[in-house]
Amino acid sequence: SQQGEEDPQALSIQEGENATMNCSYKTSINNLQWYRQNSGRGLVHLILIRSNEREKHSGRLRVTLDTSKKSSSLLITASRAADTASYFCAPINTDKLIFGTGTRLQVFP
Amino acid sequence: DGGITQSPKYLFRKEGQNVTLSCEQNLNHDAMYWYRQDPGQGLRLIYYSQIVNDFQKGDIAEGYSVSREKKESFPLTVTSAQKNPTAFYLCASSMMAGYQPQHFGDGTRLSIL
């Protein structure tokens with residue numbers, strides 16, 4: 001199993017700005033997933049990108065994957081105060097997800 | 001609505017006491033998971049189950065026990081052997097173990113009296 005490492009640990013932006021979070025991992029993967037966690041709540045699955053995909057979009061979310069660099073990024077465009085949450089990546093090559101410590105995003109109105 | 005229900009939302013444990021956290025899902029998922037989250041930290045896997053009557057230890061199984069007698073239910077017991085049980089516990093499920101997205105409950109916060 002392996003763990004994703006998110007960067008930065010914390011990010012503060014104004015509403016309307018874009019937020020970019022990065023994830024690095026160490027070994028080969030089958031897919032990589034991104035999750036969001038609002039304070040005191042469970043995680044919510046955002047998007048899954050397979051190892052043979054380079055980019056995926058879902059609404060205001062854009063995820064990229066570079067398997068040669070063993071990295072992924074999550075871009076949230078036109079951020080809103082409701083996007084304030086922690087974001088986790090989970091690279092997967094076995095039967096378990098291993099989460100990193102996440103990026104805490106604060107979006108100010 | 002389909003989903004995962006964890007109960008109770010808050011739980012207090014006395015020293016030397018075992019407590020059981022409930023997790024029920026009506027998503028018809030085969031796989032279920034228990035995670036522990038400490039403040040400002042990521043999730044650590046305690047136990048997971050891919051099918052009924054079978055489960056595997058995760059990274060921090062010591063002091064915990066589980067059962068999977070029904071597909072819908074995966075209760076977690078925090079035993080007195082777990083010396084630092086104060087944490088936020090999250091249950092999740094997925095269609096199959098491994099590559100599928102996981103659906104999470106809203107957690108149980110366990111504290112020591």
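The values are calculated or read from the model by the stated rules, or taken from the named source; none is laboratory data. These figures come from a predicted structure and were not determined experimentally. Methodologically, a virtual Cβ is constructed for each residue, glycine included, from the backbone with ideal geometry; neighbour enumeration extends over all protein chains shown.
Of the residues making up segment A:69-88, none is within 13 Å of chain B (Cβ to nearest Cβ), surrounded by fewer than 21 Cβ atoms within 10 Å (Cβ to Cβ), among the β-branched types (Val, Ile, Thr) and within 30 Å of B:Pro8 (Cβ to Cβ).
The criterion of being in contact with a Pro (Cβ under 9 Å, 6 or more places away or on another chain), surrounded by fewer than 21 Cβ atoms within 10 Å (Cβ to Cβ) and either more than 24 Å from B:Ala31 (Cβ to Cβ) or at pLDDT 95 or above (or both) does not hold for A:Glu53. Taking every residue in segment B:66-86 that is touching a residue at least 40 places away in the same chain (Cβ under 8 Å) and pairing it with any residue that is acidic (Asp, Glu) and not in a loop (DSSP other than H, G, I, E, B), at least 6 positions away or on another chain, the pairs with Cβ-Cβ distances below 8 Å are B:Glu72/B:Glu24; B:Ser73/B:Glu24.
Taking A:Gly59 as the residue in question, decide whether it is surrounded by fewer than 18 Cβ atoms within 10 Å (Cβ to Cβ) and at pLDDT below 95. It is false that A:Gly59 is surrounded by fewer than 18 Cβ atoms within 10 Å (Cβ to Cβ) and at pLDDT below 95.
When B:Gly40 is tested against (1) on the phi > 0 side of the Ramachandran plot; (2) of a type outside the set (S, T, N, Q); (3) modelled with pLDDT of 95 or more, exactly one condition is not met: (3). The set of residues in segment B:52-84 being at pLDDT 95 or above, part of a loop (DSSP other than H, G, I, E, B), small (Gly, Ala, Ser) and at negative phi consists of B:Ala61, B:Ser67. In segment A:26-104, counting only strands (runs of 3 or more DSSP E) that sit wholly within it, the ones holding 3 or more residues that are farther than 15 Å from B:Phe104 by Cα and in contact with a Cys (Cβ under 8 Å, 6 or more places away or on another chain) span A:71-76. A single member of B:Ser22, B:Ser7, B:Ser49 is surrounded by fewer than 17 Cβ atoms within 10 Å (Cβ to Cβ), of a type in the set (Ser, Thr, Tyr) and within 14 Å of chain A (Cβ to nearest Cβ), and it is B:Ser7. Only one entry of B:Arg44, B:Arg36, B:Arg13 meets the criterion of being closer than 30 Å to A:Thr103 by Cβ, out of contact with any Asp or Glu (no Cβ under 9 Å at 6 or more places or on another chain) and among the charged types (D, E, K, R), and that entry is B:Arg36.
Considered as a group, the residues in segment A:12-23 that are more than 13 Å from the chain's Cα centre (by Cα) and in a strand (DSSP E or B) include one that is surrounded by the fewest Cβ atoms within 10 Å (Cβ to Cβ), and that residue is A:Gln14. Closer than 17 Å to A:Ile98 by Cβ and either within 14 Å of chain A (Cβ to nearest Cβ) or out of contact with any Cys (no Cβ under 8 Å at 6 or more places or on another chain) (or both): does that describe B:Pro101? The answer is yes for B:Pro101.
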